[in-house]
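Below: the structure, in structure tokens.
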Amino acid sequence: MRELFDDVAGHSPLDPQESVRRATRAPQRKRFYKEAGIAEVEGGFAVTLDGKPIRTPSGRQVVAPSSAIAEQIAAEWNAQGETIDPLTMPLTRFANSVGEVSDRVDAVADDVAKYLGTDLLFYRAGHPEALVAREAAYWDPVLAWAANSLGAHFILSEGIVHVAQPEQAITAARAVFPSDPWSVAALHVVTTLTGSALLALALVRGAMDSDEVWAAAHVDDDWNVEKWGVDEEVAARRAARFIDFRAAVTILDALKA
């Protein structure tokens with residue numbers, strides 16, 4: 001089973017876009033098990049295939065923090081037909097990623113923190129006025145939340161000219177990152193998919209729901225669609241990213257339950 005997900009893991013275990021890109025090339029394997037289930041183990045719940053626990057591409061046993069998460073991963077395996085398609089198994093890919101970085105949680109969190117210096121929400125359009133207003137409507141409330149709730153005051157810039165963010169603001173936001181591997185992994189996935197650590201953090205902290213986060217992350221894209229129509233290639237990439245976004249949201253919802 002492990003080799004099936006070797007390519008899906010990509011260069012970075014937490015890079016869903018790379019995972020999907022590589023998975024499109026991965027050879028499909030015939031289903032080799034009858035039934036997936038779960039079993040309570042030390043530290044949580046394992047997902048089993050005919051009684052044997054699944055493992056990450058590097059051989060680590062996948063251990064979910066709750067039975068609900070394990071059951072949803074098992075459901076992906078049970079839903080497979082004659083062949084196994086990793087693209088239809090975002091929760092399994094997510095679990096593999098967590099397993100690969102579970103001993104490097106701080107490093108993953110630090111990687112997310114880098115986005116706080118170049119966050120999507122900081123760089124605003126200068127025109128047209130309608131787009132400027134739309135960005136402000138979606139993004140300003142997030143920045144206000146960061147300032148009022150976290151004490152993190154960030155600086156905005158027009159266009160793509162880099163502006164250095166106050167170290168105090170970055171430190172304040174970094175201080176409220178989650179510490180458990182599954183939440184940090186979800187934070188990382190949402191950050192890389194949206195280009196915004198602040199949107200990801202607002203989702204993790206319950207300040208925004210998933211629909212609000214996804215809409216805020218695509219203000220500019222949606223504006224372009226309205227003006228120029230749908231680019232099929234861009235739309236396909238967005239749909240693929242949304243699958244992994246929903247998987248991260250599913251994990252976060254289960255952890256809060």
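A few notes on this one:
- Average accessible surface for the stretch 104-256: 48 Å² per residue, computed with a 1.4 Å probe over protein heavy atoms with every protein chain in place.
- Most fluctuating residue given options GLU71, GLU40, GLU129, as computed from a GNM of the chain linking Cα atoms under 10 Å: GLU129
- The alpha-carbon of LYS34 sits under 26 angstrom from the alpha-carbons of these lysines, leaving out residues fewer than 8 places away in its chain: LYS52.
- Reachable aspartates and glutamates, given that their alpha-carbon falls under 17 Å from the alpha-carbon of LYS30 and they are not under 8 places away in the same chain: GLU3, ASP6, ASP7, ASP50, GLU76, GLU82, ASP85
- Exposed loop sites were defined as trypsin sites (Lys or Arg not before Pro) in DSSP loop states (anything but H, G, I, E or B) carrying at most 16 other C-beta atoms within 10 Å; in the chain the longest segment without such a site runs 105-204.
- Computed over the chain: relative contact order in percent, which uses C-alpha pairs under 8 Å that are six or more apart: 18 percent
- 3J(HN,Hα) along the stretch 113-127, derived from phi through the Karplus expression 6.51 cos²θ - 1.76 cosθ + 1.60 where θ = phi - 60°, amounts to 4, 4, 5, 5, x, 9, 4, 3, 5, 7, 10, 10, 5, x, 6 Hz, with x in place of Gly and Pro.
- Between TRP139, TRP223, TRP182, the residue with the greatest mean-square fluctuation in the GNM of the chain (Cα pairs under 10 Å linked by springs) is TRP223.
- Accessible heavy-atom area order of VAL98, VAL230, VAL225, highest first, probe of 1.4 Å: VAL230, VAL225, VAL98
- Relative contact order %, the stretch 16-102, counting alpha carbon pairs below 8 Å whose residues are six or more apart: 30 percent
- Of VAL161, VAL204, VAL213, the residue with the largest accessible area leads and the full order is VAL161, VAL204, VAL213 (1.4 Å probe).
- Computed P(r) (all Cα pairs; the chain; 5 Å bins; percent): 1, 6, 13, 16, 18, 15, 12, 9, 6, 3, 1, 0
- Model label points for LYS30 and VAL163, set 7 angstrom from Cα along the Cα-to-Cβ axis, are 6.1 nm apart.
- Over the residues of the chain, the helix contribution to mean residue ellipticity at 222 nm works out to -17000 deg cm²/dmol, using -39500 (n - 2.57) for each DSSP H run of at least 4.
The values are calculated or read from the model by the stated rules, or taken from the named source; none is laboratory data. Just so we're clear, the structure is a prediction, and the values are computed from it rather than from any experiment. So basically every Cβ, Gly included, is an ideal-geometry build from the backbone, and we count neighbours across all protein chains shown. For accessibility, only protein heavy atoms count, side chains too; no ligands or nucleic acids. Shrake-Rupley method; radii C 1.70, N 1.55, O 1.52, S 1.80 Å.
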